[in-house]
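Structure first, then comments.
Here, each number is a calculation from the coordinates, and none is a lab measurement. Just so we're clear, the structure is a prediction, and the values are computed from it rather than from any experiment. Reconstructed Cβ throughout: ideal geometry from the backbone, glycine too, with neighbour counts over all protein chains shown.
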Amino acid sequence: MSEPATPVVRAIGGRRVEVVWFTDVRRARVEWLLPGRIPLGMLSLVIGDPGLGKSLFTCLLSAQLSRGELGDVGASTTLFLTAEDSIDATIRPRLDATAAVRERIATYRLTTADGSEDGLTIPDDVDQLEQLIVSTTARLVVIDPLGGHLPGSINAWQDQSVRRALAPLARLADKHGCAVVAVLHLNKKESTDALRRINGSTGFGAAARSVLLFARDPDDPDRDHGRRRVLAHVKCNVAELAHGLLYEVESILSVGRARARATLVARPRRGGAHKGTHLGANASPRPWRLTEDRTDHEGQDRFHRRLGMGAPRATDLVQRRWPTSHRRVARYAPWPPSRDAASRQRFRAQFAARRRRSWPYV
């Protein structure tokens with residue numbers, strides 16, 4: 001086979017374009033910050049409803065990295081970019097609660113010409129962010145939340161605008177081999193697809209190479225008041241989806257030095273693997289709702305016995321769709337007590353007619 005001809009390279013508008021043959025591209029091995037879940041040199045997302053502990057998880061992640069407890073990375077530095085939490089009143093107590101090595105965790109302070117403080121925006125201040133990464137040798141960059149670091153010129157609900165904003169950030173992560181973990185909230189939709197519940201354009205989830213969902217544990221007996229959390233892996237472009245991890249948020253009393261007040265701090269505590277959280281891309285961001293939507297089989301049995309019908313011998317699975325959110329919910333319709341074929345057919349027809357009147361969007 002003859003060698004390919006050397007392409008003609010032209011400089012257009014100050015930019016030089018050249019052809020790269022894949023025979024000259026060397027394969028690279030994916031390295032991990034959090035094994036199987038957060039890759040190095042790429043952009044990852046941690047998504048979840050407000051108040052569940054996404055920021056707590058990033059503090060725990062940085063603390064583990066500062067102690068060298070994450071895979072083969074070793075003890076490394078974390079750079080925090082925060083637009084919501086106070087550095088001294090929130091992040092510092094959380095780092096103390098997770099026993100972080102503070103010498104390996106840094107943030108930044110940006111001062112304008114008039115002396116007021118401001119924050120970095122992406123992609124406008126990518127050059128300044130690169131200087132911070134180089135000066136701190138950070139292997140983890142936490143952006144919490146990502147929406148708070150986007151300028152007004154970026155339309156967070158437009159796919160093209162979001163991708164153009166995140167592309168320089170992804171290139172920066174690849175250039176320096178650091179993991180960029182951005183935090184995003186979920187919207188109020190009831191979709192069972194976690195990626196479609198990201199607040200903003202679907203381009204956020206599409207641009208990230210790995211997406212982690214931080215949600216309540218569906219098996220927590222305390223439900224909405226419980227402290228157990230599940231870290232579910234809902235998307236990954238460079239590996240298979242990893243199993244879910246179980247965490248528990250606990251409150252401790254953090255006492256500082258002299259003249260400092262005691263602070264009530266919440267910290268996540270690792271609880272091992274979750275038994276059913278290979279949730280995948282179709283995982284529900286509110287998984288505990290699925291348990292509420294299931295019919296109680298024992299209640300059906302008691303109901304039938306009270307009417308002298310005996311226990312139902314089978315169930316017929318019916319798919320319904322909510323009119324507002326079009327969320328599919330499984331409902332169980334009991335079979336009629338009679339074993340006569342005509343009775344069963346009549347029962348089904350009556351049930352279907354009642355379902356059409358109640359659910360016009362089925």
Subset of the range 102-125, residues under 22 Å from L40 (Cβ atoms), buried (at least 16 other Cβ atoms within 10 Å of the Cβ) and β-branched (V, I, T), comes to I105, I122
Could you say whether any residue in the range 71-79 is surrounded by fewer than 16 Cβ atoms within 10 Å (Cβ to Cβ) and in contact with a Gly (Cβ under 8 Å, 6 or more places away or on another chain)? yes
For the range 220-242 the number of residues that are surrounded by fewer than 17 Cβ atoms within 10 Å (Cβ to Cβ), within 22 Å of A206 (Cα to Cα) and of a type outside the set (A, V, I, L, M, F, W, C) is 2
Those residues of the range 130-189 which are among the β-branched types (V, I, T) and not in a loop (DSSP other than H, G, I, E, B) amount to I133, V134, T136, V141, V142, I143, V162, V180, V181, V183
Note: among I133, I154, I87, I91, just one is touching a residue at least 40 places away in the same chain (Cβ under 8 Å) and of a type outside the set (S, T, N, Q), namely I133
Pairing a residue in the range 217-245 that is free of Cβ contacts under 8 Å to residues at least 60 places away in the same chain with any residue that is outside any strand (DSSP E or B) and of a type in the set (V, I, T), where Cβ atoms lie under 6 Å and the two sit 6 or more apart in sequence or on different chains, gives V230/T277; A232/T277; G244/T277
